[in-house]
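See below for the structure under consideration.
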Amino acid sequence: MKNDLVIKSNTLVEACFNLSLTEYRILHVAFTELAEYESDKGLFHTREFRVYAKDYSKLFNTDESDAYKVLRDESERLFNRYFTYDRVYQKPDFIECVKSRWVQKIGYTESEGLLHFQLTSDVVLLVANSKEYFTSYYLSQTTEFTSTYATRLFELLMKWKNVGHIPLIPIEQLRGQLGVEPKQYKIISNFKLRVLDVAVEQVNQHSDYTIK
């Protein structure tokens, strides 16, 4: 990978969604490719992104045979995944809640261990056209995380780092941003044990940041 920089709008960073760690990684490999080009980003609406099992295993330090299987399996699930975000219009009191899919088509070539897909126009817009309010970090900063919650928390931290302060966030909003399903870990002690503690521990262990 020539450049592993990820740049995307704060709107997408704050969106609510549920993705497996593999799905999250697959999408962000594509996002690094989007960040690499400063012009002609409109072409990415029809661009087919490719992730090979051999490259995935090297990047995320996984067994190559396992990479073949997870890419094949996730190609089935990722097609049905969606995210929810707020679209703010000119009027400050008019906010539309939008639900969008991540990919518009996806396929897997077994003989090559190749996952290939096209992003939806919403995703391209929220990644490729992030000029003012955006979050950036390197994909290599997240490759040691084994929890999706840790990856999401790290990304939120990078957004807050750019803003300059960490705000108070309602617990339900934070649950959605970390990818916790509405019926998951409803008891706060379970949420802390299964989600927050795991995420915080991994961020502290595998990044340059210490949080509590």
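So the values come out like this:
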{"read-out": "Candidate set: the range 46-72, residues that are in a loop (DSSP other than H, G, I, E, B) and touching a residue at least 12 places away in the same chain (Cβ under 8 Å); chosen: the one most open to solvent (accessible area, probe 1.4 Å)", "value": "N61"}
{"read-out": "Exclusive hit being out of contact with any helix residue (DSSP H, G or I) (no Cβ under 8 Å at 6 or more places or on another chain), open to solvent by 80 Å² or more (accessible area, probe 1.4 Å) and under 21 Å from I7 (Cα atoms), set Y89, Y82", "value": "Y82"}
{"read-out": "Out of L193, L178, L174, L168, sole residue that is of a type in the set (A, V, I, L, M, F, W, C), closer than 29 Å to Y138 by Cβ and more than 20 Å from the chain's Cα centre (by Cα)", "value": "L168"}
{"read-out": "Residue list for the range 179-199, restricted to those being free of Cβ contacts under 8 Å to residues at least 40 places away in the same chain, part of a loop (DSSP other than H, G, I, E, B) and of a type outside the set (A, V, I, L, M)", "value": "P182, K183, Q184, Y185, K186"}
{"read-out": "Which numbered condition R87 misses (of (1) modelled with pLDDT of 90 or more; (2) assigned to a strand (DSSP E or B); (3) more than 18 Å from the chain's Cα centre (by Cα))", "value": "(1)"}
{"read-out": "Neighbours by Cβ (under 8 Å, 6+ apart or cross-chain): first from the range 155-168, closer than 18 Å to N204 by Cα and of a type outside the set (A, V, I, L, M, F, W, C); second open to solvent by 20 Å² or more (accessible area, probe 1.4 Å) and in a helix (DSSP H, G or I)", "value": "K159/N10"}
{"read-out": "Per-region count, the range 95-137, residues farther than 19 Å from A53 by Cβ and part of a strand (DSSP E or B)", "value": "15"}
{"read-out": "Residue satisfying condition, being of a type in the set (S, T, Y), outside any strand (DSSP E or B) and either touching an Asp or Glu at 6+ places or on another chain (Cβ under 9 Å) or surrounded by fewer than 12 Cβ atoms within 10 Å (Cβ to Cβ) (or both), within set S140, S75", "value": "S140"}
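The values are calculated or read from the model by the stated rules, or taken from the named source; none is laboratory data. These numbers were taken from a predicted model, which means no experiment stands behind them. Cβ sites come from the backbone with ideal geometry, for glycine too, and all protein chains shown count toward neighbours. Protein only, heavy atoms only, side chains kept; ligands, DNA and RNA dropped before computing areas. Shrake-Rupley method; radii C 1.70, N 1.55, O 1.52, S 1.80 Å.
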